[in-house]
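Below is one structure, written out as structure tokens; comments come after it.
The values are calculated or read from the model by the stated rules, or taken from the named source; none is laboratory data. Every value quoted in this text rests on a predicted model; they were computed, and no experiment measured them. Heads up, the Cβs are rebuilt from the backbone with ideal geometry, glycines too, and the neighbour counts pull from every protein chain shown.
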Ligand SMILES: [Zn+2]
């Protein structure tokens with residue numbers, strides 16, 4: 001605890017609080033955060049894979065624009081090369097930033113598995129399945145349906 005307190009000295013109070021043993025948040029607040037994130041993810045998913053109707057697409061754009069893109073601050077440190085260091089003052093801010101980065105990542109996009117419908121981080125942009133097992137199962141079911 002003392003080592004943690006020393007490494008956290010000079011950090012904002014909100015950050016110090018989040019490492020305390022008794023730290024907690026209200027369940028309904030947590031539930032709302034998760035609901036917001038799945039809303040953002042499904043809005044993005046439906047925009048690209050759903051209806052081509054322009055009015056619907058405009059609704060999705062407006063919904064996405066309403067997302068609270070709470071920006072962290074940063075500073076530059078002179079390490080082995082100049083480096084941007086993000087200052088996250090809360091876990092919520094850090095998760096939102098990571099989530100936004102993952103959602104907009106072109107190389108490793110967030111996807112819904114075509115077989116099990118779970119969200120996964122694609123290892124390549126053209127990955128459609130969360131695992132080799134899901135890909136195999138999907139193809140087995142597809143070929144069995146063809147035989148009938
Ligand atoms: Zn899967």
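Go through (1) touching a strand residue (DSSP E or B) at 6+ places or on another chain (Cβ under 9 Å); (2) modelled with pLDDT of 90 or more; (3) within 27 Å of residue 135 (Cα to Cα) one by one and return the number of the condition residue 109 breaks.
Evaluating residue 109 over (1) touching a strand residue (DSSP E or B) at 6+ places or on another chain (Cβ under 9 Å); (2) modelled with pLDDT of 90 or more; (3) within 27 Å of residue 135 (Cα to Cα) leaves (2) as the failure.
For the stretch 94-148, name all the residues that are touching a helix residue (DSSP H, G or I) at 6+ places or on another chain (Cβ under 8 Å) and more than 18 Å from residue 44 (Cβ to Cβ).
Of everything in the stretch 94-148, those that are touching a helix residue (DSSP H, G or I) at 6+ places or on another chain (Cβ under 8 Å) and more than 18 Å from residue 44 (Cβ to Cβ) turn out to be 115, 116, 129.
What number of residues in the stretch 29-58 are free of Cβ contacts under 8 Å to residues at least 12 places away in the same chain and either part of a loop (DSSP other than H, G, I, E, B) or surrounded by 14 or more Cβ atoms within 10 Å (Cβ to Cβ) (or both)? Give the derivation first.
Filtering the stretch 29-58 down to residues free of Cβ contacts under 8 Å to residues at least 12 places away in the same chain leaves 29-32, 34-35, 38, 42, 48-58.
Now narrow it down to the ones that are either part of a loop (DSSP other than H, G, I, E, B) or surrounded by 14 or more Cβ atoms within 10 Å (Cβ to Cβ) (or both): 42, 50-53, 57.
Summing the residues that are free of Cβ contacts under 8 Å to residues at least 12 places away in the same chain and either part of a loop (DSSP other than H, G, I, E, B) or surrounded by 14 or more Cβ atoms within 10 Å (Cβ to Cβ) (or both) in the stretch 29-58 gives 6.
What strands (runs of 3 or more DSSP E), lying completely within the stretch 60-148, carry at least 3 residues that are closer than 25 Å to residue 34 by Cβ, within 16 Å of the ligand (Cβ to nearest atom) and in contact (Cβ under 8 Å) with a residue 12 or more places away in the chain? Before you say what the answer is, go through the steps one by one.
On the way: elements: 73-78, 82-87, 110-112, 119-121.
Hits in the stretch 60-148: 110-112.
Mind checking whether some residue in the stretch 78-85 is modelled with pLDDT of 90 or more and under 16 Å from the mean Cα position of the chain (by Cα)?
There is no residue in the stretch 78-85 that is modelled with pLDDT of 90 or more and under 16 Å from the mean Cα position of the chain (by Cα).
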